[in-house]
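The next block holds one structure in the form of structure tokens; read it before the comments.
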Amino acid sequence: MLFSRMLLRQFPVLGPLIAGGLVYLAGMSAEAASTNSSMPVYIGTYTGAKSKGIYMAQFDPVTGKLGAAELAVRTTGPSFLAVHPGGRFLYAVGETSNLGGKKAGAVRAFRIDDATGRLKLLNQQSSGGEGPCHLSVDREGKCLLVANYGNGSIAALPIQADGKLAEASAVIQHQGSSVNPERQAGPHAHFITTDAADRFALACDLGLDKVLVYRLDAAKGTLLPNDPSFASVQPGLGARHLVFSPDGRFAYVISEIGATLTAFAYDPQRGALKELQTVSTLPQDFKGAKSASEIQVHPSGRFVYGSNRGHDSITVYSIDPGTGKLSWVDCQASQGKTPRHFVIDPTGQWLLAENQDSDSIVVFRLDAATGRLSTTGQVIEVPTPVCAVFAPKR
């Protein structure tokens, strides 16, 4: 019930899908429900010869149909996206190492056009470091958090009332290294997000094998090291992305180099993580190169999903609701090459896999009872897709 209310607050158009588990309201035709429930999906890419920026497509959670992609805005290097909680603005990294002749990447603010869904650039700011690869907006929509892979720093940028970004109010440079001299000679911040209460920001650093924890004041845009200041994954795994369980009791980290999932118990009062378990994202008999990428938890909190590049698959684990520990369920081919990212729709019925090197997004049906994925046969073409986010239809 709590999950249903949460969905309705963020995506009110999904009411027909939620109440009683129905796919449309009594008396409403399937066609009408489908029309009313469609929502835009924004797709981040690596720009170059093929891609020109951020793309958009319409997704229908009643039928699982994903429409053809079209260019929403021309921009450079928008490899990760985040939508403001109010649904009016979208933010993108500019994954570069040079901005205006300085060693820094960019973060950009866009307004979402109510009528067309297309994006209009509001402004851009320095990301506070080189090669920004991830960003997120705090729960209240007051500040943008960004992780810079190139030099291993994180930053907070205040969000103004008109959606524009102010200059960074906090920049923190990570320090140290880990055991892999090729990948971990220095820090490589890869992810940052807030917990449910907006009290703490957690940043995964692939180069340090750590999840660093900061006390966050979103209104002031400040980040201060917490005590305890970090939790570690096993040396050499390369912590990449993190996701919380819906109830906030557990956090799950996917590690790129080791292709693992690590389950942590989370103490929201202290901002502390305690390791519970580490498991592989790959089948036991796989002998190829490891390169895990994205992680998501099902809206029900019953399953966690992780994607594997090289193996080109999405792995499913079930979550024990009492202990937070994981049990293997399945490993499904991504139906494309290099699934750098995937996203689960707000109803929990569909999963969209972004296959970077086959220029495709594949739609899977998701079984909410078993967690397993099944193919729908739906594939759309998008040049070098590496991120997708849903936006509420307003």
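Considering the range 199-213, the residues that are among the charged types (D, E, K, R) and in contact with a Ser or Thr (Cβ under 6 Å, 6 or more places away or on another chain) include one that is surrounded by the most Cβ atoms within 10 Å (Cβ to Cβ), namely Asp209.
Report whether or not Gly77 is in contact with a Gly (Cβ under 7 Å, 6 or more places away or on another chain), closer than 19 Å to Ser153 by Cβ and either modelled with pLDDT of 95 or more or assigned to a strand (DSSP E or B) (or both).
yes
For Pro235, indicate whether it is in a strand (DSSP E or B), of a type outside the set (Ser, Thr, Tyr) and over 19 Å from Leu135 (Cα atoms). So Pro235 does not fit the description; no.
Residues are listed down the side, and each one gets a yes or a no for (1) more than 18 Å from Lys325 (Cβ to Cβ); (2) surrounded by 19 or more Cβ atoms within 10 Å (Cβ to Cβ):
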residue: Phe264; (1), (2): no, yes
residue: Asp267; (1), (2): no, no
residue: Leu273; (1), (2): no, yes
residue: Thr281; (1), (2): no, yes
residue: Gly288; (1), (2): yes, no
residue: Ser293; (1), (2): yes, yes
residue: Ser307; (1), (2): yes, yes
residue: Gly310; (1), (2): yes, no
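Only a single criterion out of (1) touching a residue at least 12 places away in the same chain (Cβ under 8 Å); (2) farther than 25 Å from Phe342 by Cα is not satisfied by Asp267, namely (1).
What number of residues within the range 101-114 are over 20 Å from Ser38 (Cα atoms) and touching a residue at least 24 places away in the same chain (Cβ under 8 Å)?
Of the residues in the range 101-114, 9 are over 20 Å from Ser38 (Cα atoms) and touching a residue at least 24 places away in the same chain (Cβ under 8 Å).
Within the set Ala104, Ala68, the sole residue that is farther than 16 Å from Gly48 by Cβ, in a loop (DSSP other than H, G, I, E, B), at pLDDT below 95 and of a type in the set (A, V, I, L, M, F, W, C) turns out to be Ala104. Of the candidates Arg365, Arg394, the single residue that is under 27 Å from Val83 (Cβ atoms), within 20 Å of the chain's Cα centre (by Cα) and among the charged types (D, E, K, R) is Arg365. Could you tell me whether the range 282-292 includes any residue that is in contact (Cβ under 8 Å) with a residue 60 or more places away in the chain and not aromatic (Phe, Trp, Tyr)? Scanning the range 282-292, I find no residue that is in contact (Cβ under 8 Å) with a residue 60 or more places away in the chain and not aromatic (Phe, Trp, Tyr), so the answer is no.
Among what's in the range 142-184 and is among the acidic types (Asp, Glu) and either over 16 Å from Pro85 (Cα atoms) or crowded, with 19+ Cβ neighbours inside 10 Å (or both), pick the residue that is nearest to the chain's Cα centre (by Cα).
Among those that are among the acidic types (Asp, Glu) and either over 16 Å from Pro85 (Cα atoms) or crowded, with 19+ Cβ neighbours inside 10 Å (or both), it is Glu167.
Let's see how each residue does on (1) farther than 15 Å from Ser136 by Cα; (2) in contact with a Phe, Trp or Tyr (Cβ under 7 Å, 6 or more places away or on another chain):
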residue	(1), (2)
Val73	yes, yes
Thr76	yes, no
Leu81	no, yes
Pro85	no, no
Ser97	yes, no
Gly101	yes, no
Val107	no, yes
Asp113	yes, no
Leu119	yes, yes
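Per the conditions (1) more than 13 Å from the chain's Cα centre (by Cα); (2) at pLDDT 95 or above; (3) buried (at least 19 other Cβ atoms within 10 Å of the Cβ), the sole criterion not satisfied by Asp357 is (3).
Listed by first and then second residue, the pairs with beta-carbon distance under 7 Å, at least 6 apart or on different chains, first residue in the range 218-230 and farther than 26 Å from Ala166 by Cβ and in contact (Cβ under 8 Å) with a residue 24 or more places away in the chain, second of a type outside the set (Asp, Glu) and part of a strand (DSSP E or B), are Pro228/Val213; Pro228/Ala272.
Go through the residues of the range 179-190 one by one and say whether even a single one is touching a Lys or Arg at 6+ places or on another chain (Cβ under 9 Å) and among the small types (Gly, Ala, Ser). No, every residue in the range 179-190 fails to be touching a Lys or Arg at 6+ places or on another chain (Cβ under 9 Å) and among the small types (Gly, Ala, Ser). Counting the residues of the range 243-260 that are surrounded by fewer than 24 Cβ atoms within 10 Å (Cβ to Cβ), in contact (Cβ under 8 Å) with a residue 60 or more places away in the chain and within 18 Å of the chain's Cα centre (by Cα) gives 4. The residue list Val389, Val379 contains one member that is in a strand (DSSP E or B), within 24 Å of Ser79 (Cα to Cα) and more than 20 Å from the chain's Cα centre (by Cα), which is Val379. Of all residues in the range 317-360, those that are farther than 20 Å from Ala251 by Cα and touching a Gly at 6+ places or on another chain (Cβ under 6 Å) total 4.
Looking across the range 128-185, the residues that are assigned to a loop (DSSP other than H, G, I, E, B) and hydroxyl-bearing (Ser, Thr, Tyr) come down to Tyr149, Ser169, Ser177, Ser178.
Here the range 56-77 is the region considered, the condition is being small (Gly, Ala, Ser) and in contact with a Leu (Cβ under 7 Å, 6 or more places away or on another chain), and the residue that is surrounded by the fewest Cβ atoms within 10 Å (Cβ to Cβ) is Ala57. Screening the range 202-228 for residues that are among the charged types (D, E, K, R) and in a loop (DSSP other than H, G, I, E, B) and picking the one that is nearest to Phe191 (Cα to Cα) gives Asp209.
The values are calculated or read from the model by the stated rules, or taken from the named source; none is laboratory data. This is a predicted model, so every value here is computed, not measured. Here the Cβ is made from the backbone with ideal geometry for all residues, glycine too, and neighbour counts use every protein chain on show.
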